[in-house]
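A quick write-up on the structure given underneath.
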Amino acid sequence: MAATAGIGKERRLPPALPLATLIGRELRAGGSERPSLRYGHAGFAKRGEDYFLVKPDCLRVPGDTSTAFSVFAVFDGHNGVSAAVYSKEHLLEHVMSALPPDIGRDDWLQALPRALVAGFVKADIDFQRKGEVSGTTATLVVVDGFTVTVASVGDSRCILDTQGGEVQLLTVDHRLEENAEERERVTASGGEVGRLNLFGGQEVGPLRCWPGGLCLSRSIGDMDVGEFIVPIPHVKQVKLSNIGGRLIIASDGIWDALPSEAAAKACRGLPAELAAKLVVKQALKKSGLKDDTTCVVVDIIPSDHRLTSPQLSPKRNQSKFKSLLFGRRSHSSIGKLGGKSASFGSVEELFEEGSAMLEERLGRNLSLKATSAPFRCAICQVDQEPFESLMTENGGSYCSSPCAPWGGPYLCLECRKKKDAMEGKRSSHSTACR
């Protein structure tokens with residue numbers, strides 16, 4: 001069964017340098033591993049289902065400021081706000097619970113992509129227990145020094161704009177209309193993909209997944225649609241050079257109006273708070289308020305430098321912002337994002353994977369230092385007695401067994417059922433044998 005999606009297959013760019021090597025190289029070159037962050041946010045509500053998260057002062061080790069990192073996120077809810085609110089309040093907590101304690105920064109960053117997968121799935125399981133039908137996209141960004149790790153489901157996008165003027169997409173849109181691999185995965189898992197069928201057989205609108213009619217193939221929540229709508233995120237981790245860069249994280253209300261490069265160009269040379277407002281204003285000017293629009297801008301700035309743009313001076317861009325506010329037309333051209341790749345002189349890609357198979361996401365490249373207790377569930381982090389709820393299949397239900405019939409880490413009964421349901425093997429509501 002073809003069940004990979006998004007980027008799909010694991011992708012690493014040779015040569016793969018250890019993270020410690022990159023950090024050491026930068027420190028030896030005299031660069032600071034702790035840049036300054038400047039951030040801002042803006043938005044307009046139509047349905048009131050967008051939420052965002054800004055947590056600039058997180059600590060890996062409580063009380064130790066040398067372990068600081070920052071988190072930024074955008075959640076675009078649908079069918080109500082419950083899933084977006086829950087994800088804003090609990091998603092980071094679930095990710096952190098999946099990270100091994102008492103490990104150094106290098107190991108922590110290497111374990112982070114796997115913990116993000118576990119945290120997203122845990123958030124989905126916990127929210128669905130509430131019995132609410134709301135769902136949400138989620139784009140969660142972790143900034144630790146110059147290392148940026150992004151996990152996303154849905155179509156809330158994160159882009160990176162570097163000093164060289166290159167714009168790099170750090171997420172994958174999980175829209176059925178545009179993502180052929182996701183369409184294949186959904187149908188292989190038992191879902192149907194098609195447009196809304198009106199009386200008389202006329203098909204209208206974007207491609208949707210049935211049952212449920214959702215346009216997305218990945219989300220958190222959405223218990224009223226099939227289990228093939230999965231919460232397994234695309235994850236990408238990059239290492240910026242010591243010149244830094246700018247992140248723009250936004251809901252689809254922005255990206256439906258502005259190409260990625262247009263959004264980046266529109267706000268170059270402006271401080272983060274003003275940049276976020278300008279991106280929102282530009283999107284509204286182009287398409288009107290058709291959807292909730294939310295934008296978070298994060299500038300990663302070397303501690304001994306100011307972030308400036310070689311393409312557009314601050315003075316010129318502030319004039320552009322004023323002309324937009326007061327209706328005067330700017331003569332600056334804004335190009336569309338083409339087939340450009342990121343400038344690898346300023347951005348080192350450390351990790352990228354988008355597979356929807358948990359065995360590939362949780363069971364590969366595990367460091368011995370980051371391995372949990374033998375009988376701790378890799379998703380929900382619940383400790384269990386040896387041989388309790390280890391799974392085999394027996395007549396359509398699950399029973400205890402001294403061995404688990406898959407190649408990944410240990411999963412408890414509920415999380416194993418969720419895994420199989422997402423792969424089209426059974427409903428997660430199957431009854432366990434007693």
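The values are calculated or read from the model by the stated rules, or taken from the named source; none is laboratory data. These figures come from a predicted structure and were not determined experimentally. Glycine also receives a Cβ, built like all others from the backbone with ideal geometry; neighbour counts cover every protein chain displayed. The accessibility values were calculated without ligands, DNA or RNA, using every heavy atom of the protein model including side chains. Shrake-Rupley method; radii C 1.70, N 1.55, O 1.52, S 1.80 Å.
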Rank-order 195-204, 113-122, 58-67 by packing density, defined as the average count of other C-beta atoms within 10 Å over each peptide's residues, highest first.
113-122, 58-67, 195-204
Between residue 425 and residue 195, what is the label-to-label distance in nm when each label sits 7 Å out along the Cα-to-Cβ direction?
3.7
Rounded to one decimal in Å, the inverse mean reciprocal Cα-Cα distance for segment 88-150, i.e. its Kirkwood radius, is 12.7
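Within the set of other residues whose C-beta is less than 9 Å from the C-beta of residue 253, count the net charge using Lys and Arg as +1 and Asp and Glu as -1. Could the numbers behind the result be given before it?
On the way: positive: 46, 290; negative: 50, 76, 252, 256, 291, 292.
Taking every Cβ under 9 Å from that of residue 253, the sum is -4.
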Please tell me which of these pairs span more than 23 angstrom C-alpha to C-alpha: 122/419; 236/281; 239/281; 88/130; 46/286; 46/265?
236/281; 239/281; 46/265
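What accessible area per residue, rounded to a whole number of Å², is obtained for segment 206-258 using a probe radius of 1.4 Å?
Normalised by residue count, the accessible surface of segment 206-258 is 20 Å².
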